[in-house]
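Novice: Below is one structure. I have some questions about it.
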Ligand SMILES: [Zn+2]
């Protein structure tokens, strides 16, 4: 950490502590925060009583493309994108702020935490490295995580067109309706430029159409 002033060192240390508390892997912290391995190891031992875990990051790009993980990954991406567009926060701060907002959404929606902080970080790296890309859904116009080099025209997301394995549609619909509070929050949280409001309105419409989809499916089920 040579070259960093004392205040900056303390700031970096605080970021590392937050990352440890959120369960980030060692290599994620080391690549996000200006901190020595020795200092990180000491902080980790103090916070958790354990040694720094070792090992490679286990995640493959395909994980982010499964239906439910894709919803979580895409939600996190859209939150992170708002911070990227609207603030000058450093990458590690953006990551943490976005991730905390994503966790808040999970609590509000009683949703299981599918996306760990390490996975969120890995996804951003995969996007930077062109292992993944984002594609805008032609129906709801929200950006979703997609295969690298997948054709961008005519894309329909997994919420507008849930795959058969997503079940009766009820699960798809309820997952979709959970977008509402987060995206509305993004639009009114001091980050609300017109573009954000537009995106929020689109998401609300998305959820509304999803409810119609669920109702339609339920009617069909009663007929069978
Ligand atoms: Zn869509």
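Novice: Among the residues of the range 142-156, count how many are within 16 Å of the chain's Cα centre (by Cα) and assigned to a loop (DSSP other than H, G, I, E, B).
Specialist: Selection size over the range 142-156: 1.
Novice: Now for a different question. Can we say residue 118 is crowded, with 19+ Cβ neighbours inside 10 Å and out of contact with any helix residue (DSSP H, G or I) (no Cβ under 7 Å at 6 or more places or on another chain)?
Specialist: Taking the combined requirement at face value, the residue does not satisfy it.
Novice: Tell me, which residue of the range 144-164 that is more than 9 Å from the ligand (Cβ to nearest atom) and under 12 Å from residue 70 (Cβ atoms) is surrounded by the fewest Cβ atoms within 10 Å (Cβ to Cβ)?
Specialist: Checked the range 144-164; the qualifying residue surrounded by the fewest Cβ atoms within 10 Å (Cβ to Cβ) is 163.
This table checks each residue for (1) outside any helix (DSSP H, G or I); (2) at pLDDT below 90; (3) assigned by TED's automatic domain parsing to the domain that holds residue 156.
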{"position": "19", "(1), (2), (3)": "no, no, no"}
{"position": "30", "(1), (2), (3)": "no, no, no"}
{"position": "41", "(1), (2), (3)": "no, no, no"}
{"position": "56", "(1), (2), (3)": "yes, yes, no"}
{"position": "78", "(1), (2), (3)": "no, no, yes"}
{"position": "84", "(1), (2), (3)": "no, no, yes"}
{"position": "95", "(1), (2), (3)": "no, no, yes"}
{"position": "98", "(1), (2), (3)": "no, no, yes"}
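The values are calculated or read from the model by the stated rules, or taken from the named source; none is laboratory data. Bear in mind that the values here come from a model prediction, so they are computed numbers and not experimental data. Note that each Cβ is placed from the backbone with ideal geometry, even for glycine, and that neighbours are counted across all protein chains shown.
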